[in-house]
Each structure stands twice: as C-alpha cells, then as structure tokens.
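Colleague: Provided herewith is a single structure, encoded as structure tokens, for subsequent inquiry.
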Amino acid sequence: MELKDFIKNFANQFIDTPAEEISADTRYKDLDEWSSITTLSVIAMIDENFEILLSGDDVRSVDTIEELYQKVKAMS
C-alpha cells in the first residue's frame, strides 16, 4: 500500500472530518474527532490492510499520519 492509499484509508475512519483536511503531515491526535474509538478504527484498518496488530502505545508513539505509515511499513 502506498502512502496516498494509507491516507485515504485513514481518512475513511472519520465521519465528520473532511478527507481533504487529512494529509501525510496531519498531526492526527490534534484532530477534533480523534478519540479512543477512532484509534481502534485505525488499528483495525491497519490490521485488515497490513495484517499487523498495533497497540495503543504504537499509535501514541508517532505524531503524523506519515510517521504512522512508516512505522507500519517497518513492521511488515
């Protein structure tokens, strides 16, 4: 999966945040809609697409969507 596809799948986890507001350098934890439920949705999306199960600590250890993508790629 390319970064642009990862961003698209990441953006699909949000209901109220427009996809065009989400980019590689988005600090996702700063989004108004970011919550524990969204965290679980992102973890599930990564598991489904990469077959990698991240922990909450993995998600908290990075700041931007691209950093999360790079973390996932490094684990695959």
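Colleague: What GluC sites (Glu not before Pro) in the chain are in a loop by DSSP, with at most 14 other Cβ atoms within 10 Å of the Cβ?
Modeller: Qualifying residues, ordered by number: Glu2, Glu33, Glu51.
Colleague: Residue by residue through the range 44-58, which ³J(HN,Hα) values in whole Hz follow from phi under the Karplus form 6.51 cos²θ - 1.76 cosθ + 1.60 (θ = phi - 60°), with glycine and proline marked x?
Modeller: 5, 4, 5, 4, 5, 8, 10, 6, 10, 9, 7, 9, x, 4, 4
Colleague: Quick check: the angle from helix 65-75's long axis to the longest principal axis of the chain, C-alpha only, nearest 10 degrees?
Modeller: 10
Colleague: Further, regarding this structure: Apply the a/c threshold of 1.5 to the C-alpha gyration tensor of the chain and tell me whether it is rounded, prolate or oblate.
Modeller: The shape class here is rounded.
Colleague: What nm value, rounded to one decimal, do you get for the distance between Lys73 and Asp16 when each label is placed 7 Å out toward the C-beta?
Modeller: 3.3
Colleague: Remind me, relative contact order of the chain in percent, using alpha carbon pairs under 8 angstrom and six or more residues apart?
Modeller: Dividing the mean separation by the residue count of the chain yields 33 percent.
Colleague: Something else about it: Given 0.36 nm per residue, what is the gain on full extension from Ile37 to Ile52 after removing their alpha carbon distance, in nm?
Modeller: 3.6 nm
We did not get these values from a lab; they are worked out from the coordinates using the rules stated. Bear in mind that the values here come from a model prediction, so they are computed numbers and not experimental data. Don't worry about glycine lacking a Cβ; one is built from the backbone with ideal geometry, like all the others, and counts go over all protein chains shown.
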